[in-house]
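Student: Mind looking over this structure? Questions follow.
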Amino acid sequence: MQKIIPALWYDKEAVEAAQWYVKLFEDSRIIHISTIPDTPSGDAEAVDFELAGVRFNAISAGPYFSLNPSISLMVACSTSEEVDRLYAELSAGGSDLMPLGEYPFSKRYAWLQDKYGLTWQLMLVENMAQHQRIRLNLLFTGNVCGRAEEAMHYYLSVFKDSSKGYVNYYQAGEAIDERAKVNYGELNIQGNQLIAMDHGFGGDFTFNEAFSLMVLCKDQEEIDYFWDKLSFVPEAEQCGMELKL
């Protein structure tokens, strides 16, 4: 079972966006659509879905939080044609962050934000067997720039059966923001691959509630464990109750 599930916040477009994404990827489906009544945002529509075998959750809960490039979905592609197809679909109505082209790290790559605000990195890779099809990419910028490796080590200490993979560091003079250390870092949490990077070129966005990570727990004891480890300002947050899996 997938331990960590990416959760996306939309104003009104959660189901519409999920249905669009499912059409673009193999091994994808809508799992369940429901309405959560009487939330602070009113009745909120929620959808569980899978993209290329990775489970996601999305909710339409009002215009309170907006997706930004601090977390993106990195898609590994085996052919240039696949990169081009996904770029043509996902960029329609969206905007480029790094235009489609050849880069030192990939012969075919693009970084874009789609029409719903979700950010994607499309990359041609040489060995698909070594890459999860869709991976989360955490970009540490603003006041957390330079803390990517610190975060990686912390997550390794929190989640059992996790490992650190390849890490590449900025060389002298490569990054505009001198705090940036990690150019690219891989992390595997219980079979789920993540990427962490310091943003070496600045940015006025950072992590927010629009993109969060749901951790599925087997009992209240496990909930309490993660609450203790991951909650930064407990008095401003709400603890979950036990979920039987």
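The values are calculated or read from the model by the stated rules, or taken from the named source; none is laboratory data. Since the model is a prediction, treat every value here as computed from it, not as a measurement. Cβ atoms come from the backbone with ideal geometry, glycine included; neighbour counts cover every protein chain shown. The area values use the complete protein model at the heavy-atom level, side chains included, leaving out ligands, DNA and RNA. Shrake-Rupley method; radii C 1.70, N 1.55, O 1.52, S 1.80 Å.
Student: Let me confirm the definition first: pairs of Lys residues in the chain, 8 or more apart or on different chains, C-alpha distance under 28 Å. How many are there?
Tutor: Summing the qualifying lysine pairs gives 25.
Student: Rounded, prolate or oblate for segment 122-205? Axes are the square roots of the Cα gyration tensor eigenvalues, ordered a ≥ b ≥ c, and the cut-off for rounded is a/c under 1.5.
Tutor: oblate
Student: Which chymotrypsin sites (Phe, Trp or Tyr not before Pro) in segment 58-105 sit in a loop by DSSP (not H, G, I, E or B) and have at most 14 other Cβ atoms within 10 Å of their own Cβ?
Tutor: Tyr64, Phe105
Student: So what J values fall out for segment 153-164 if you push phi through Karplus, 6.51 cos²θ - 1.76 cosθ + 1.60 with θ = phi - 60°, rounded to Hz, Gly and Pro as x?
Tutor: 5, 5, 4, 4, 6, 8, 9, 5, 6, 10, 8, 9
Student: With an 8 Å cut-off on Cα pairs and a minimum separation of 6 or more residues, tell me the relative contact order of the chain in percent.
Tutor: 19
Student: Can you order the peptides 9-15, 199-205 by their average number of other Cβ atoms within 10 Å per residue, highest first?
Tutor: Taking the mean over residues of other Cβ atoms within 10 Å, the ranking is 9-15, 199-205.
Student: Which of these values of Cα extents along the principal axes in Å was calculated from the structure shown: [x] 57, 38, 36; [y] 44, 39, 36; [z] 49, 37, 34?
Tutor: Computing Cα extents along the principal axes in Å and matching it to [x] 57, 38, 36; [y] 44, 39, 36; [z] 49, 37, 34 gives [z].
Student: Starting from the residue with the highest accessible area, list Met152, Met98, Met123, Met1 in decreasing order, probe 1.4 Å.
Tutor: Most to least solvent-accessible, the answer reads Met1, Met98, Met123, Met152.
Student: Shifting gears a bit: With every protein chain left in place, what is the accessible area of Arg147 in Å² (1.4 Å probe, nearest 10)?
Tutor: Spelled out: Arg147, probe radius 1.4 Å, area about 110 Å².
Student: With the cut-off at 1.5 for a/c, could you classify segment 88-147 from its C-alpha gyration tensor as rounded, prolate or oblate?
Tutor: It is oblate, given that a/c is not under 1.5 and a/b is not larger than b/c.
Student: What GluC sites (Glu not before Pro) does segment 100-161 have in DSSP loop regions with at most 13 other beta carbons within 10 Å?
Tutor: Glu126
Student: Do any GluC sites (Glu not before Pro) in segment 20-79 lie in a DSSP loop with no more than 10 other beta carbon atoms within 10 Å, and if so, which?
Tutor: Qualifying residues, ordered by number: Glu26.
Student: Where does each of 221-228, 171-178 land if you order them by average Cβ count within 10 Å, highest first?
Tutor: Highest mean packing first, the order is 221-228, 171-178.
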